[in-house]
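Heads up, the thing below is written out as structure tokens.
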Amino acid sequence: MAEESKPKMSKHVCACGPILTTVSANPLLDIVSVLDDADSLEILKGLMKTEVRSPFPDGLFGMDSQRTNKALRRLLRAGLVNSRIDGPDHVYYIHVERFKVLEEFVDGCVNNHAEKA
């Protein structure tokens with residue numbers, strides 16, 4: 001029986017292993033810190049419209065590959081973006097569940113659920 005060789009992975013920013021160990025006990029602070037970066041915001045705005053597939057040697061959403069990879073790593077560390085393997089590629093998408101804490105915070109600010117004095 002011939003062994004099937006696994007396809008060689010395309011160049012990608014890996015979402016596996018130790019990169020996710022930086023998710024802290026304060027997810028709201030993680031999210032706000034990452035959103036303070038213009039490149040990370042650009043990637044999130046782009047991912048709101050379409051998932052992206054590795055590799056991206058020319059970068060994404062108007063950024064070169066170095067800026068893209070740096071911002072994508074920040075988003076992955078904060079748990080805001082995730083990926084799945086599809087053949088030799090990784091497909092990146094927004095990790096919706098991670099934004100729930102931000103949604104609750106913004107809703108509380110916008111709708112002012114505070115008890116009246």
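Using the structure shown, decide if residue 54 is under 11 Å from the mean Cα position of the chain (by Cα), among the polar types (S, T, N, Q) and crowded, with 19+ Cβ neighbours inside 10 Å. Answer is no for this residue.
Of the residues making up the range 32-44, those that are of a type in the set (A, V, I, L, M, F, W, C) and buried (at least 18 other Cβ atoms within 10 Å of the Cβ) are 34, 43, 44.
So, in the range 24-46, how many residues would count as being of a type in the set (A, V, I, L, M, F, W, C), under 14 Å from residue 99 (Cα atoms) and under 13 Å from the mean Cα position of the chain (by Cα)? Break it down stepwise before answering.
Here is the first cut: in the range 24-46, the ones of a type in the set (A, V, I, L, M, F, W, C) are 25, 28-29, 31-32, 34-35, 38, 41, 43-44.
From what is left, the residues that are under 14 Å from residue 99 (Cα atoms) are 28-29, 31-32, 34-35, 41, 44.
Next, from what is left, pick out any that are under 13 Å from the mean Cα position of the chain (by Cα): 31, 34-35, 41, 44.
Total meeting the criteria: 5.
Six or more apart or on different chains, Cβ atoms under 7 Å: show the pairs whose first residue is in the range 36-60 and closer than 18 Å to residue 84 by Cβ and whose second is outside any strand (DSSP E or B) and among the aromatic types (Phe, Trp, Tyr). Between residues of the range 36-60 that are closer than 18 Å to residue 84 by Cβ and residues that are outside any strand (DSSP E or B) and among the aromatic types (Phe, Trp, Tyr), the close pairs are 43/61; 46/61. Restricting attention to the range 37-59 and to residues that are modelled with pLDDT of 95 or more and charged (D, E, K, R), the residue that is nearest to residue 71 (Cα to Cα) turns out to be 39.
In the range 71-117, of all residues being of a type in the set (Gly, Ala, Ser) and not in a loop (DSSP other than H, G, I, E, B), the one that is nearest to residue 38 (Cα to Cα) corresponds to 71.
Looking at the range 58-98, which of the residues that are within 11 Å of the chain's Cα centre (by Cα) and aromatic (Phe, Trp, Tyr) is surrounded by the fewest Cβ atoms within 10 Å (Cβ to Cβ)? Going through the qualifying residues, I end up with 93.
The values are calculated or read from the model by the stated rules, or taken from the named source; none is laboratory data. Since the model is a prediction, treat every value here as computed from it, not as a measurement. Note: ideal-geometry Cβ built from the backbone for every residue, glycine included; neighbour counts use all protein chains shown.
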